[in-house]
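Working notes for the structure below.
The numbers here are math on the coordinates, done by the rules we state, and not lab data. Small disclaimer: the values here were computed from a predicted structure and weren't measured. All Cβ positions, glycine included, derive from the backbone under ideal geometry; neighbour counts span all protein chains shown.
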Amino acid sequence: MTKNQAKIKSLIITVTDESLPRIEQLANRLGKKGLKVERVLPVTGVITGSCPEAKVPALKKESGVLGIEEENTAYLPLPILPCSNS
């Protein structure tokens, strides 16, 4: 990876209860700080998106952010199919 290639992180951002009524505005502010907002879920108080790893500390400091977790992907193995011996 070169200096110009930033490692991109997929993030799940939890919003404080006080910020729920303004979750769209919070998502906009996070977008201005480098988050590519993918989903805003007002019922659960979650914003998902991605950004360069170096920008995560600034996002954590934004008023209204309760926490930030890295989104992980799990893969299941392919099913084992029975062999037919005809």
Q.
List the strands (runs of 3 or more DSSP E) inside the stretch 14-86, counting only whole elements, that have at least 1 residues being without any contact (Cβ under 8 Å) to a residue 40 or more places away in the chain.
A. 36-41, 46-52
Q: Output the residues belonging to the stretch 22-50 that are over 18 Å from Ile8 (Cα atoms) and among the charged types (D, E, K, R).
A: Arg22, Glu24, Arg29
Q | Criterion (in contact with a Leu (Cβ under 9 Å, 6 or more places away or on another chain) and hydrophobic (A, V, I, L, M, F, W, C)) met by exactly one of Leu66, Leu11, Leu41 | A | Leu11
Q. Say we look at the stretch 17-60 and pick out the residues that are surrounded by fewer than 14 Cβ atoms within 10 Å (Cβ to Cβ) and among the β-branched types (Val, Ile, Thr); which of these is nearest to Thr73 (Cα to Cα)?
A. Thr44
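Regarding Glu53, is this residue within 12 Å of Thr14 (Cα to Cα) and of a type in the set (D, E, K, R)?
So Glu53 fails the test.
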